[in-house]
C-alpha cells in the first residue's frame, strides 16, 4: 500500500526528512509518533503528493504520489491539520462538492446525512464552516475523508480538539472502518489513541524513523522495572523488579490482597526511545 525507500526532503537548506524507509501492507493500521517539528506532517504531505521527495523512492498504490491523477487522490481519505477551503460554505455544501468530485472520478459515495450522523455532527449540516468549533471541524473533515469508501485513510492528528467523549466516538467509528479492511496511517500525540487503534507504531525523531514495532513489542524492549504492589497486615507494599514472575512466586499469596503488577507503558517506551535518540544526536 505504501513503500518508502531512503526518502529525503528539504525546505531549502532545512533538511526535514532523513532517509525515511517504511513499508505498510494493505489492511495495516499504523500510527506515527514523534515530538512536534520532527517531520510527521511533511511525510504526510509527501504521501499525498502535495510535496515531492528531494531524493529516494516513494510509492502509494504502486504510484508516485506527486504524479497521481484524480483517480489516485480519490482513493485516499485525508484528514489534514489545516484546510484551505470555502469558509462561507455550509457543511452540507462542502461535502456535496467533495462528493461530486469523487463521483466524477468514478467513485461510489456514502450518503452525506448518514456520514454526518456517524461522526456526530448531523445537527451542523446547515452550519457555516467558519462557525464550527475546532472539534466540530475535525468531525466534518473526517466525514469528508470517509465519503468515497477510500481503501487508504491518512489522518494527521484526527482527534485534535475533541473532548474524551468525542474521541471515543471517533475511535469507535475508526474501529468499524478498520474492520472493513481499510489501511490507516495516522499521526497523533495521544499515545493511548495509538495503542488503541494501531497494530504497528513508527516513532520519528529528527526527521528519521527510529523505532518500528507493535505496541507490545516497544513496551517489551524497554528494560525497566515492573512495579508490584500488594496489601498485607493492613499495609501497602511496593516492590520494583526485573524478575516479576520469580518475585511473585516468593509472596505468600494466601496472606496478601490487592496484588497489582504494573508493567512499563507505551508512553514509558516512547519517552525512553526519544530520549536515547536525543542523547545520541
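Derivation of every value follows stated rules applied to the coordinates shown; laboratory data play no part. These numbers were taken from a predicted model, which means no experiment stands behind them. Cβ: placed from backbone, ideal geometry, glycine included. Neighbour counts: every protein chain shown.
With Cα atoms as the point set, segment 223-280 shows a radius of gyration and Dmax of 14.9, 48 Å.
For 230, 97, what's the fewest-to-most ordering of other Cβ within 10 Å of each Cβ?
Numbers: 230 20, 97 13.
In increasing order of surrounding Cβ atoms, one gets 97, 230.
Between residue 104 and residue 175, the simple label model (points 7 Å from Cα in the Cβ direction) yields a spacing of 3.9 nm.
Considering only DSSP beta bridges with both partners in segment 2-218, what is the antiparallel share in %, to the nearest 5? Don't skip to the end; give the middle numbers.
On the way: 19 of 36 bridges.
Beta bridges within segment 2-218, antiparallel portion: roughly 55 percent.
Residues considered: 57, 137, 231. Largest GNM mean-square fluctuation over the chain, using C-alpha springs under 10 Å, is found at 231.
In terms of surrounding Cβ atoms within a 10 Å radius of their Cβ, 124, 40, 13 rank from fewest to most as 13, 124, 40. Bridge orientation summary for segment 97-254: considering DSSP beta bridges with both residues in this region, about 70 percent are antiparallel.
For segment 1-73, report the convex hull volume of the alpha-carbon atoms normalised per residue, in Å³, without decimals. Write down the numbers at each step before the final one.
Values: hull volume 6.6 nm³, N = 73.
That works out to 90 Å³ per residue.
Each principal axis of the Cα atoms in segment 181-281 has its own extent, and those three values, largest first, are 52, 38, 21 angstrom.
Rounded to the nearest 10 degrees, the angle from helix 134-146 to the longest Cα principal axis of the chain is 70 degrees. A simple packing score, the average count of other Cβ atoms within 10 Å per residue, orders the peptides 14-21, 60-67, 191-198 as 191-198, 14-21, 60-67, with the highest score first.
Which FRET efficiency value, to the nearest 0.05, is calculated for residue 130 and residue 229 with the Förster distance at 51 angstrom and r the Cβ-Cβ distance?
On the way: r = 51 Å, r/R0 = 1.01.
That pair, residue 130 with residue 229, gives E of 0.50.
Largest first and in whole Å, the equivalent-ellipsoid semi-axes of the chain read 40, 25, 16, each the square root of five times a Cα gyration tensor eigenvalue. Angle of helix 91-104 to the longest C-alpha principal axis of the chain, folded into 0 to 90 degrees and rounded to 10: 70°. Using R0 = 25 Å, the C-beta based FRET efficiency linking residue 117 and residue 86 works out to 0.65. Note: relative contact order over segment 146-221, using C-alpha pairs below 8 Å and six or more positions apart, is 27 percent.
Round to the nearest 10 and give me the degree value, 0 to 90, for the angle of helix 164-179's Cα axis relative to the longest principal axis of the chain. Helix 164-179 sits at roughly 80 degrees to that axis.
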